[in-house]
Each structure stands twice: as structure tokens, then as C-alpha cells.
Amino acid sequence: PDHSTFSKNRHGRFRESDLLRHVFETTVARCIAEGLASGPRMAVDASLIEADANKQNSTPKEEWDAATIEPSDAPRAVREYLDTLDEAAFGAASEVQPKFTSHSDPASQWMAARKGPAFFSYSDNYLIDTDHGVIVDVEATRSIRQAEVGSTKTMLNRVKAKFDLHPERLIADTAYGTGPLLGWLVDRKIAPHIPVFDKSGRNDGTWTRADFEWDAENDQYICPEGHALKQFRRNYSDPNRGPTGKGTARYRALKEVCQVCPSKAKCCPNADARKITREEHEDARQVARDIAKTRQYDISMKLRKKVEMLFAHLKRILGLGRLRLRGPCGANGSNGLRGPTGATVHSYSIFAATAQNLRKRAKIFPAPQQTRKA
């Protein structure tokens, strides 16, 4: 069909239809049936796609107030922005306000990539099977780490419900190594082949938390000198003062022990006693650290390049370096996602993901060559 046919239907009936997602999922199902995707190993990553917006038509965060917008007089992209303020993938992804907000596409995120110039963007999230690099799901979010990490749960749940694929391991970079996601994966028996996002390291040469041994049976840390760091040293009659099992726990050594310890200069030179914090999902973090020491982890880090290659192909070969639509529905449409009305909106990137899967299948199973008759 002529390209205008797609354009008119994309703005019309395709906007409230799941037809293009059905096409995408059909190609995924075909790849699974032909053995191109099996599910045990999956990788996830996100890439920035420039939004159709610019800084000249924007407002600093000190002057932006969404409550002053009148929906009846606002453009479609602004109305969609107002509709997605409570969605985890967009408005509710983070409480931090962006430095600038675009007037034409306020749902887009002002940010810089790899210390380059800042621009308004959305994030395109891919979940792939590492057997042959088949894209099994795609999701659009605001360009915020919390939203990108949250989309991983959405995509894993979706491929489980649609294709009954449940990976044994998930491969990702450090941005996905947060405690809540690692805990979510471990609870579902998915091995996190992910570098841990950890800020407990020290740059002053003193002992870090990794130098202390965790004693799970007695709920305490043991320092290199053999002394115990405990959260509570007596039983409380009031249950509200005891351990809650939520949030961050703080473990402390005895002051009189640390003051006479010969290693105090290496441990806590500027404090009376050593303190260590332990996050709620520290057990899952330790699982990821243990996996990082294995041979399988090294192989997984090489396999992760497959999803990066797909993004490179998406931008350089297919030319999707900038969105042609505005608003969350426009971004969702570019990735085959659900918009504020609950309908699936499809456009460029769902086509691109479908094309990438078809291209992969055609390279592995080329059409038989017909011989010319003399």
C-alpha cells in the first residue's frame, strides 16, 4: 500500500486498535515456533529516542505548574500528558521534576546521554531472547531510570502471559541492578545476571561493607577483627521498637570495643564506633554478586551486546533516531504500548521491532532460490 495509507490509518482507526501489536506478537510467536527464541536467557536494555520537541519552546521547572493547564484548551499531547501523571512509566516514575518541560510534549524528559548535549526524549525498552536476538517485547517510558527498570517487570509479565516464556536468567547493565528489581527477580526464580547498583563503596581507603561478614543466623555483621555489629542488643517489649523487616536496617558496633580496636584507623577513624546499613533486598543483591563471580556471568555480559546491536540497527539503518509523534500516546504508539485510554497505540517502532524480527528470521531461514530456465 501507499505510505499515506499507513499514515491516515495510524492517526485514525489504528490509534485505538491492537492490530499492529497483534502483528508484532504474531512474528514473535512464529520465531518461537521455529526455534529462534526459547526463553531461558533474556536481556533487557533501554535507548533514548529524541522527542519532537526543543528547548526554545519549554519552561524551567521553577515556573512549570501542571495544575494551571486547562485540558479543554490544550493540544492532544498535553492532554495525554495530564492523563499519564499517575502512570509509573511517565508522570509517576519519579517525584523529581525535570530541569525543563516542553510546551509541545510535556511528557518527554529533558536529559543528556553520555555527558553529551541535553535534549527531550523518551526511552525505548527492548526485551530480547539471546538465542538469536529476537525481540520478544517492547515498551516506551519516560527517560528515567526508575521508569526503565519498572518496564522490565511489565515486559516479563507480558511475555509470560502471552507466550509462556519464563527466563532462567535476565541479563542487563548496572542501571537495572537496584535492590527492588533484584529482589523481584529472585522471588520469581530468575537469576539476575546484572551488576549490582551499589553506593556502599568508600574512596578513603577504609573498610567497606564488603569487608564485613554477614551472619544471617544471628542477624549481625562480623568485622575483620571478629567483633559483632548488631541492629538490636536486647528484646523490646514494645513490638513497634523492634525490627520491622522493611526499609534500611542499621547495624552498630559497641563504642567501647571500637575505641580500643587496633584497626580503628582502617575502620572508623572519624567516628566513635562503626555503623553499617543493610537494605531490605540485600540478600538478592548478594545473589547477584555471587553470580557475577561465575563463568556464566562472563558469557552473559557478551550476550548483552545483542540488544545494543538492535538499538544501533534501529537508529542507523531504520532511521528511528527521532519520534514523529508527540505525547505519551505518540511515544506509546511508536513502541506498541497502551495509552491513557487503555487502548494499544501503534506506530513506527512497533513496525521497526516487527521488521527487525522478520529480518532476523529471513537471514536464518532464507527463501529458496529459484533456478532460471534456459
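The values are calculated or read from the model by the stated rules, or taken from the named source; none is laboratory data. From a predicted model like this one, the values you see are computed outputs, not experimental measurements. With ideal geometry, Cβ positions are generated from the backbone for all residues, glycine too; neighbour counts draw on all protein chains shown. We work out accessible area using only protein heavy atoms, side chains counted, and drop any ligands, DNA or RNA first. Shrake-Rupley method; radii C 1.70, N 1.55, O 1.52, S 1.80 Å.
Here are some notes:
- Of the residues VAL257, VAL134, ranked by 1.4 Å probe accessible area with the largest first, the sequence reads VAL257, VAL134.
- TRP214 - accessible surface, heavy atoms, 1.4 Å probe, Å² rounded to 10: 70 Å²
- Distance between the modelled labels on GLN369 and ASP65, one decimal in nanometres: 7.1 nm (7 Å Cα→Cβ projection).
- In this calculation the C-beta distance from LYS115 to ARG295 is compared with R0 = 35 Å, giving a FRET efficiency of 0.55.
- Simple label model, 7 Å out from Cα along Cβ direction - ALA29 to LEU254, nm: 6.7 nm
- Candidate values (1) 55, 49, 41; (2) 91, 63, 41; (3) 73, 62, 35 were compared with Cα extents along the principal axes in Å computed on the shown model; the agreeing label is (2).
- The portion of the accessible surface of the chain made up by carbon and sulfur, rounded to a whole percent, is 49 (1.4 Å probe; DNA, RNA and ligands excluded).
- The listed residues SER104, SER72, once ranked by accessible area (1.4 Å probe) with the largest placed first, stand as SER72, SER104.
- Using heavy atoms of the protein chains and a probe of 1.4 Å, the accessible area assigned to GLU34 is about 60 Å².
- Accessible surface for the chain, divided over its residues, is 55 Å² per residue with a 1.4 Å probe.
- Spatially close Lys pairs in the stretch 44-165, defined by Cα atoms under 29 Å apart and a spacing of eight or more places or different chains, total 8.
- Cβ-based charge dipole, the stretch 255-302, positive-most Cα from ALA288, CYS261, ILE276: CYS261
- The charge dipole of the chain, taken about the Cα centre with unit charges on the Cβ atoms of Lys, Arg (+1) and Asp, Glu (-1), comes to about 1220 debye, rounded to the nearest 20.
- Charge dipole of the chain about the Cα centre (unit charges at C-beta), most positive-ward option of ALA93, PRO117, LEU82: PRO117
- Helical runs (DSSP H, four residues minimum) scored at -39500 (n - 2.57) apiece and divided by the length of the chain put the mean residue ellipticity at 222 nm at -10000 deg cm²/dmol.
- Prolate/oblate/rounded label for the stretch 16-58 (Cα gyration tensor, a/c 1.5): oblate
- Backbone N under 20 Å from the GLU308 label point (7 Å along Cα→Cβ), restricted to the stretch 102-127: 112-117, 123-127
- Partners for LYS264 among aspartates and glutamates (Cα-Cα distance below 16 Å; same-chain residues under 8 apart left out): ASP204, ASP211, GLU225, GLU256, ASP272
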